[in-house]
Amino acid sequence: MKKIIFVYSIALTLAVTNSFAQNKLLTIQEAVSKGRTALAPKRLQNISFIENSKKLSYIDNNELFILNAPDGKLVSSLNKVKFNQNIAAAGLDTVAAYEGLRWKNEHEFYFLTKKGEYLFNLDKKTAIKSDRKQSDATLENLDEYKEGETYAYVSDNNVFAYANGQVKQVTQDGSYEIVNGKSVHRDEFGIHKGTYWSPNGNALAYYHMDQSDVTDYPIIDWTTYPAKNKNIKYPMAGGKSHYVTLFVYDLKKGTSVKIKTEGPKDQYLTNIAWSPDEKKIYIAVLNREQYFCKLNEYDAVTGNFIKTLFEEKDDKYVEPLHEMTFVKNNPSQFIWQSRKDGFMHFYLYNSDGTLIKQLTKGNWEVKSENGFDESGGHLFFHANEQSPVNQDFYSVNLKTGAMTRLTQGSGFHTVTLSKKGDFALDNFSSCYIPREYRLITTATGKSNTIYKSDNPIKDYKLGRWELFSIKNREGTDLYCRLFKPVGFDSTKKYPVLVYLYNGPHSQMVTNTWMAGGELWYQYMAEKGFMVFTIDGRGTSYRGKAFEQAIHRRLGEKEMEDQMEGISFLSSMPYVDGNRLGAHGWSFGGFMTTSLMSRKPGVFKVGVAGGPVIDWSYYEIMYGERYMDMPQENKEGYEANNLLNHVGNLKGKLLMIHGAQDDVVVWQHSIMYQKKAVDKGVQLDYYVYPGHLHNVIGKDRVHLMEKVTNYFIDNL
């Protein structure tokens, strides 16, 4: 048997999970539609720090609670009944719940009624009509500098700016082919928006994307009579890309200047940042081949290039994901995140690009930067220093480099920092702890638990779940999750469903409630299945070498590690090796199809959703990062083109696709289906009209019932 490292002892696993078992059985509707709502660990509503105070508030069961942040003790509360009595006395209609609650100060908060927004005074118990200016939340790509007073938005692919009571049209050339003010580069490189306000709101940087050279791709709208085609621009690997530039609009002058980024038109402009004095703007410029990145400084007034602060190169790829962060109260220094030593860490630089020091170091990864304390002497962040499946919250002293762990307890801590950095709210979960909220004083690390969620599925019959690791052929730990059937009997043999993704920017196995598993896995456990997941090479937060192992050969190392999981499963006396199934979506659909056709006979049944079949039909930004261009890596593309392996398919394979998929376009699975017909290979196929890359909403229950029945019927 392969060496297994359990994150929690089996004894604890059995003791805790056996205590959960009750009598109710999940329905498919509950397992799918309530897994993240009514049957998820309870979240406190509207939980937030109250600005300019040492207090925190939240809503629970329609009651507003106000706590003292230093000790977590209750200061006051206001239930909905009393609140309605107070506002009724002010001549207002009562409300069904606290809606739109936002604090003005520690004595007053805004709330919504059917007649608009009002301001409630906690001390006087009075309500008056709000005079707070609000932006129109329906505006496309709304980007607020100051709510209701200064903001930008997009209409018909043109940028508009609202300031000083006036709307100004910033761009005039917006069209199907020219897109202004929206996210570019297919949302890669940490880009999720297209406008960037300067620190004092005097200028607006915005993206301009020319996609006229990108091939049109048809997306059919099946709801009309007759059906209509709606083209999108979809840049496929090896083909022509879109061309991006950055402009800066001066609100006072009403003019824009182009930032003069020299280089090939199809390079990537990423991680936009402003200098604190608004005089300079910074861009991480990445070549299309993605192995060479420059952090460039430009004059925000003239658009002229000033200098390159530093460069980063890599034999495989560089992936800038985070803009520079200037140190609070010290505009001469900034923080940069990089994997140049093999793991994601912080580096402290002078504003001229001189490296001062590496702030964090080790065989673990920084996961997010969360701000500074009031003095700017300490930086707060999330990291997995304790374990790859854990997440903790830390501070690092910028002068000494001393790092302090501020969260306690093995598990997953997601922390919100107060504006001054003096307090932190810890939303904590672990494999067997549904959820706890804790208040932390950052100066001392002292923590107070303010709320513990009940086990939301304690009344249901449950399968036991376990979190552990095994070794792959290189001796690297691979983290796994296993759900055992309800009423598990070690003398019986059970079918196994392998649920997988195993692609970049993913981590499925974590030390969170149910080891990061979905409630649907418990539904399958009710049906007598074991459900297994393993995070193999290529997945996130394990360092550069672990992720880059898949470079130019997508699918191969991932299959090796998935097969290590199969070897582990096969060593268990209660696993029926003749009844193995695989299911995944997107990259997981690619992996499911790969295993069914490239490891024929191992899996009896597979369900592949939205699968990539041929990487040359996938988008440039993601595809070329991991596979290079098809012209440069013909062997890699051919070896992992699943059309070349259709003839080897054994077992039952159901392929599912959203008919309007604009990420993994429908053509992928259509090509596979056509090749199967050509080869005389049988497979099952299902399409969801009206859905993009994921089947969501009410139709998701239909999808998961279909997936479930396919495994029950065939496995």
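Readers should treat all values here as calculations from the given coordinates under stated rules, not as data from a laboratory. Since the model is a prediction, treat every value here as computed from it, not as a measurement. Note that we place each Cβ from the backbone using ideal geometry, even for glycine, and neighbour counts take in every protein chain shown.
Assorted remarks:
- Gain upon complete extension [TRP222, TYR291; 0.36 nm per residue less C-alpha separation]: 20.7 nm
- Net charge, TYR710 excluded, C-beta distance under 10 Å - Lys, Arg +1, Asp, Glu -1: -1
- Positive-end residue, the chain charge dipole about Cα centroid, Cβ charges, pick of GLN134, THR491, ILE28: THR491
- Cα-derived Rg over Rh, computed across segment 324-454 with Rh taken as Kirkwood radius: 0.99
- A simple spin-label model places the labels of ALA137 and ASN84 2.2 nm from each other, with each point 7 Å out along Cα-to-Cβ.
- Between segment 242-275 and segment 315-386, the alpha-carbon center distance in angstrom: 24 Å
- Cα-projected label distance for ASP662 with ARG473, points at 7 Å along beta-carbon direction, nm: 4.2 nm
- Estimated FRET transfer efficiency when R0 is 60 angstrom, pair GLU149-ASP678 (beta carbons, to 0.05): 0.45
- Of the trypsin sites (Lys or Arg not before Pro) found in segment 666-715, the ones in coil according to DSSP and having at most 16 other Cβ atoms within 10 Å of their Cβ are LYS698.
- Applying 1/(1 + (r/R0)^6) with r as the Cβ-Cβ distance of LEU25 and MET572 and R0 = 35 angstrom yields a FRET efficiency of 0.90.
- Cα coordinate range in segment 45-129, projected on the principal axes (Å, largest first): 37, 24, 20
- Charge dipole (debye, nearest 20) of the chain; +1 at Cβ of Lys and Arg, -1 at Cβ of Asp and Glu: 1640 debye
- Fully extending the segment from ASP123 to GLU632 would add 176.3 nm, taking 0.36 nm per residue of separation and subtracting the current Cα-Cα distance.
- Subtracting the Cα-Cα distance of HIS702 and ASN304 from their residue separation scaled by 0.36 nm leaves 137.7 nm.
- Note: the chain, Cα convex hull, 179 Å³ per residue.
- Using the Cβ-Cβ distance between ILE670 and THR414 with R0 set to 35 Å, the FRET efficiency from 1/(1 + (r/R0)^6) comes to roughly 0.30.
- Taking the charge dipole of the chain about its Cα centre, with +1 at Lys and Arg Cβ atoms and -1 at Asp and Glu Cβ atoms, the residue from TYR347, VAL170, SER418 reaching farthest to the positive side is SER418.
- Placing a label point 7 Å from the Cα of ASN231 along the Cα-to-Cβ direction, the residues of segment 167-200 with a backbone N closer than 20 Å are 173-180, 185-186.
- Between LYS340 and ASP250, the simple label model (points 7 Å from Cα in the Cβ direction) yields a spacing of 3.4 nm.
- Segment 670-715 and segment 142-194 have Cα centres spaced 38 Å apart.
- Between segment 620-669 and segment 25-94, the alpha-carbon center distance in angstrom: 46 Å
- Segment 166-320 shape via C-alpha gyration tensor axes, a/c threshold 1.5: oblate
- In the chain, Cα pairs under 8 Å separated by at least six residues give a relative contact order of 10 percent.
- Computed over neighbours whose Cβ is under 14 Å from that of GLY148, the net charge equals -2, Lys and Arg +1, Asp and Glu -1.
- Helix runs (DSSP H) in the chain reaching 24 Å along axis by Cα, Kyte-Doolittle at least -0.5: none
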